[in-house]
């Protein structure tokens, strides 16, 4: 008697489905992955994460068209050895409905600076 196996869903396919269904998860996923772009030895993780988000939000062909680049170029750019220009990175992020932002390297210092600024404003008022 032969046992029927259910069709398996790959981890990547499941990841794409989850990111498509939960926008906040996609944003946090990409934020965490983008931190790896600072490290040349770990840059592939950030590029592949952006590629996964692009797949979740329209597919690489659609995202490439919206970003104004060819699909083939987007595949190369978001590959483990890719090296996107700032222009391409911004265009891809815009195509998936996100934008680049900047945060201080050390969050504790930033919170302290904001508290100092708030205290200054409160004192000046």
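Within the stretch 88-104, does at least one residue satisfy the condition of being in a helix (DSSP H, G or I), over 13 Å from the mean Cα position of the chain (by Cα) and at pLDDT 90 or above? Taking every residue of the stretch 88-104 in turn, at least one turns out to be in a helix (DSSP H, G or I), over 13 Å from the mean Cα position of the chain (by Cα) and at pLDDT 90 or above. Residue 58 passes every criterion in (1) assigned to a helix (DSSP H, G or I); (2) under 17 Å from residue 12 (Cα atoms); (3) in contact (Cβ under 8 Å) with a residue 12 or more places away in the chain apart from (1).
Flag not set for residue 36, criterion: assigned to a helix (DSSP H, G or I) and over 20 Å from residue 101 (Cα atoms).
Restrict the check to the stretch 106-121 and report whether at least one residue is part of a loop (DSSP other than H, G, I, E, B), out of contact with any helix residue (DSSP H, G or I) (no Cβ under 9 Å at 6 or more places or on another chain) and at pLDDT below 95. Scanning the stretch 106-121 turns up at least one residue that is part of a loop (DSSP other than H, G, I, E, B), out of contact with any helix residue (DSSP H, G or I) (no Cβ under 9 Å at 6 or more places or on another chain) and at pLDDT below 95. Residues in the stretch 28-47 that are surrounded by 13 or more Cβ atoms within 10 Å (Cβ to Cβ) and either at pLDDT 95 or above or more than 11 Å from the chain's Cα centre (by Cα) (or both): 2 in all.
The values are calculated or read from the model by the stated rules, or taken from the named source; none is laboratory data. Keep in mind the model is a prediction, meaning the values are calculated, not measured. Neighbour counts run over all protein chains shown; Cβ positions are idealised from the backbone, glycine included.
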